Amino acid sequence: MSDENPPALPTRIWRSIFRTPLTPESERERKRVVLDHLVLHLRPVRVPTRTLPFTHTFGLGGMSAVLVLLLILSGVLLMFVYEPSPERAYGSILRLRDEVRFGGFVRGIHHWSANLLVIVVFLHLLRTFFTGAFHGARQFNWVIGVLLLLGVVASNFTGYLLPWDQLSYWAITIVTGMLGYVPLAGEWLQQTARAGAEIGASTLILFYTLHTTVLPVLLVALMAFHFWRVRKVRGVVIPYAYGEPPDEKPATTLFVPDLLAREFSVSLILTAAVLVTALLFAAGLGAPANPGMSPNPAKAPWYFMGVQELLLHFHPLFAVVLIPLAGIVALLAIPYLRYDAETAGPWFLTARGRDTARTAALVAFGTTVAWVLLDEFVLDFGRWLPWLPGQVSEGLIPVTIGIVMLAALLTWLKKSTGATKNELVQAAFSAVTTAFLVLTATGIWFRGPGMALTWPWRI
């Protein structure tokens with residue numbers, strides 16, 4: 001039976017689009033908002049009340065999604081002006097900056113969002129690890145998170161070449177050149193990454209295609225899957241105090257509006273911060289790419305500076321292949337190690353876990369700084385042991401020393417504090433992460449002409 005008084009046409013059109021009120025009042029309406037929404041359905045209808053404080057997650061997951069959205073929107077706008085060819089790429093960036101209204105601003109949004117995304121995803125990984133949110137049903141989601149971090153770095157890397165200036169050209173030359181150190185497949189990998197023997201038009205087209213099509217699709221798909229997996233385990237891990245037993249039935253609240261309002265506020269603040277940064281600090285652009293003249297120093301992109309710094313201290317086989325590969329494998333293996341308990345929620349699990357992680361980080365900081373200085377001015381295993389192959393004198397020996405030092409640190413922590421296996425894994429992770437961050441900072445701020453150590457203000 002038809003309605004004798006049907007709503008007006010505008011009302012019917014509105015209801016056909018929005019099946020639930022924009023300002024739901026009842027609990028049922030709030031649930032329907034989540035279930036019927038294209039994006040919100042990836043989140044749980046109800047979330048534990050104790051997960052709402054900002055200091056538990058710092059909104060890092062939501063920040064990542066916002067930055068990806070800013071990158072997609074700004075990237076689409078940039079595609080209207082950018083021309084992916086060695087002859088026109090640099091000129092199109094100049095035209096974008098100098099002639100297109102708000103062109104420099106849009107490029108700044110894209111630039112700063114991309115760099116900030118690497119940092120935010122990395123911090124999100126740290127938060128997940130130090131709250132133990134990788135046990136049980138969350139194991140594979142940790143793997144997805146690691147893949148997302150690698151994908152974000154790859155996306156930044158492919159976009160780095162597109163301006164076709166001196167900085168980008170030689171940075172990509174350095175990074176792709178590292179692939180040549182891979183045994184057996186090095187030359188093939190190098191030519192595949194460059195789409196030829198040298199960096200040229202084919203390389204630019206390859207990087208442009210990966211940056212604008214392949215990698216964005218993969219990242220969005222992985223993020224959606226990641227959020228969906230979080231929903232299936234009823235949201236982020238619940239925080240607990242040290243020694244507090246988990247609640248069997250924790251108190252919950254509706255995602256709409258309690259958590260949604262918080263996430264929306266963080267999104268607005270982050271977006272505003274990116275826009276202000278883009279207004280105040282323009283994305284850099286150097287001189288046009290000149291394959292015949294290398295800058296001094298020639299550095300990789302900042303997120304690869306840790307690997308480039310390793311090249312100064314270890315044989316290329318270890319610096320470029322074995323150490324990074326071991327790090328990635330270790331990250332992927334973290335949720336599948338045997339632990340004393342699958343505790344999740346408290347930061348650092350226990351007060352002792354916090355102290356051991358902090359001690360390991362401080363020791364790693366001091367040791368890494370000392371190693372960099374000693375290797376720069378004192379150590380020279382290649383000259384001291386000329387009868388040994390470089391893979392042994394400059395690779396196996398210093399790497400073995402590093403492994404022994406880490407093992408000694410963990411042994412000392414276990415004997416002096418009684419740390420559990422969980423806490424020792426945290427300590428090892430803290431030490432290795434700190435060492436890599438020190439190497440990255442050294443390469444960015446303390447390497448000058450000839451990649452010699454110098455003070456930042458002298459570079």
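At-a-glance table
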| item | result |
| --- | --- |
| Förster radius 35 Å - calculated FRET efficiency between Ala273 and Arg50, Cβ distance, rounded to 0.05 | 0.80 |
| Calculated FRET efficiency for the pair Leu222/Leu362, C-beta based, R₀ 35 Å, to 0.05 | 0.50 |
| Burial order of peptide ranges 452-458, 49-55, 369-375 (average beta-carbon count within 10 Å, highest first) | 369-375, 49-55, 452-458 |
| Chain lengthening between Trp412 and Ala341 when straightened (0.36 nm per residue, less Cα-Cα) | 23.4 nm |
| Label-zone membership for the stretch 250-286, site Phe102, 7 angstrom Cα→C-beta point, backbone N under 19 Å | 268-283 |
| Relative counts (whole %) of C-alpha pair distances in the stretch 304-459, using bins that are 10 Å wide | 10, 35, 33, 18, 5, 0 |
| Percentage, to the nearest whole number, of Cα pairs in the chain over 29 Å apart | 57 percent |
| Karplus 3J(HN,Hα) series, Hz, for the stretch 93-106 with 6.51 cos²θ - 1.76 cosθ + 1.60 (x for Gly, Pro) | 5, 4, 5, 4, 6, 9, 10, 7, 4, 6, x, x, 5, 5 |
| Two-decimal ratio, the stretch 286-351, of alpha-carbon radius of gyration to 2.2 N^0.38 Å | 1.78 |
| Packing-based exposure ordering (other Cβ within 10 Å, fewest first) of Phe58, Phe348 | Phe58, Phe348 |
| Structure-based [θ]222 nm, the chain - -39500 (n - 2.57) summed over DSSP H runs of at least 4, per residue, nearest 500 | -19000 deg cm²/dmol |
| Added length on full extension, which subtracts the Cα-Cα distance from 0.36 nm per residue, Arg352 to Ala370 | 3.8 nm |
| Full-extension gain in nm, Trp457 to Ala287, via 0.36 nm per residue minus C-alpha separation | 59.0 nm |
| Label zone at Ala298, where the point sits 7 Å out along the Cα-to-Cβ direction: the stretch 172-203 residues whose backbone N lies under 18 Å | 172-182, 187, 190-201, 203 |
| Arg95-Leu280 pseudo-label distance in nm [points 7 Å out on the Cα-to-Cβ vector] | 3.3 nm |
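Only the coordinates and a few stated rules stand behind these numbers; no lab work does. Please read all numbers here as calculations on a predicted model, not as lab measurements. So basically every Cβ, Gly included, is an ideal-geometry build from the backbone, and we count neighbours across all protein chains shown.
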